[in-house]
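Everything below concerns the one structure shown next.
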Amino acid sequence: VLQRELGAGEYPLSAYYLAKTCASLLVQLPLPLAFLALSYFLAFVDCCAETYFSMAGVVVLGIVAGNSIGAFIGTLTVDYHIATSLSTVVTLAMLITGGFYLKELPPWLDFFGVLSAFRYAYRASVQLAFLQVRCVECMGGYWLSACIDREYGSCVGGGTVTDSILGATVDPLGWNIAALLAFGAVFRLLGYLSLLVAEYNTIFTKGVK
């Protein structure tokens, strides 16, 4: 359909791509934001408006990054089944190496972790949830390594909790935000360039015939 309408000169590729980007994001944003509105308070995160809206911003950036990666994969092939299979493999790979299931990756997998958009969204969310918290009570469990040798009810700072969850070498919050922005912008641009190349190849092939 796109090739036919572009061939008829009804609109430029850039107009289609921009409209498709805006429409897809508007459809995909409400459900994750509604989920955050429920899970944020159920998790007893610090009920601060600044923290909540900052986490909502991270959710939006994560959606934009994921949508951009999906758009790029969708432009690589016209076969729906191949695109679906490829996007599933990429999504699962990013999820496994994103740091939520595995805190420390093997050296040969560490590079793939850097390429995971989930990694930066997860780390930014943890940092926003705990960095501003002065006291997190130790409840006697072993889920938090900083509380192992402390008495029940004693407090540890939010920074200590963040280090315990994410590890000692934690990237700054600004770096994680910048990485999400880069994922969204770079893959969105790659998707447009992929469509542009496909359009050029189609026109060139028709001209040769």
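The values are calculated or read from the model by the stated rules, or taken from the named source; none is laboratory data. The structure displayed is predicted, hence computed values, not measured ones. Ideal geometry is used to build each Cβ from the backbone, glycine not excepted, and the neighbour counts take in all protein chains shown. Surface areas here come from the heavy atoms of the whole protein model, side chains and all, with no ligands, DNA or RNA. Shrake-Rupley method; radii C 1.70, N 1.55, O 1.52, S 1.80 Å.
Summary of values
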| quantity | calculated |
| --- | --- |
| Candidates Ala65, Ala56, Ala83 - the one that is open to solvent by less than 50 Å² (accessible area, probe 1.4 Å), farther than 26 Å from Leu173 by Cα and among the small types (Gly, Ala, Ser) | Ala83 |
| Residue list for the stretch 16-31, restricted to those being open to solvent by 70 Å² or more (accessible area, probe 1.4 Å), farther than 18 Å from Val186 by Cα and of a type in the set (A, V, I, L, M, F, W, C) | Leu26, Val27, Leu31 |
| Qualifying helices (runs of 4 or more DSSP H) (wholly inside the stretch 26-132; at least 3 residues being out of contact with any Gly (no Cβ under 8 Å at 6 or more places or on another chain) and among the β-branched types (Val, Ile, Thr)) | 49-76, 80-96 |
| Residue among Thr202, Thr162, Thr169 that is of a type in the set (Ser, Thr, Tyr), within 22 Å of the chain's Cα centre (by Cα), surrounded by 11 or more Cβ atoms within 10 Å (Cβ to Cβ) and at pLDDT below 85 | Thr162 |
| Meets criteria (hydroxyl-bearing (Ser, Thr, Tyr) and in contact (Cβ under 8 Å) with a residue 12 or more places away in the chain) for Thr97 | yes |
| Matching residues in the stretch 147-158 - criterion: being surrounded by 16 or more Cβ atoms within 10 Å (Cβ to Cβ) and either modelled with pLDDT under 70 or assigned to a helix (DSSP H, G or I) (or both) | Cys147, Gly158 |
| Matching residues, the stretch 1-15, being surrounded by 10 or more Cβ atoms within 10 Å (Cβ to Cβ), not hydroxyl-bearing (Ser, Thr, Tyr) and not in a loop (DSSP other than H, G, I, E, B) | Leu2, Gln3, Glu5, Leu6, Gly7, Leu13, Ala15 |
| Selected residue (criterion: surrounded by the most Cβ atoms within 10 Å (Cβ to Cβ)) from residues of the stretch 100-128 that are without any contact (Cβ under 8 Å) to a residue 60 or more places away in the chain and of a type in the set (S, T, N, Q) | Gln127 |
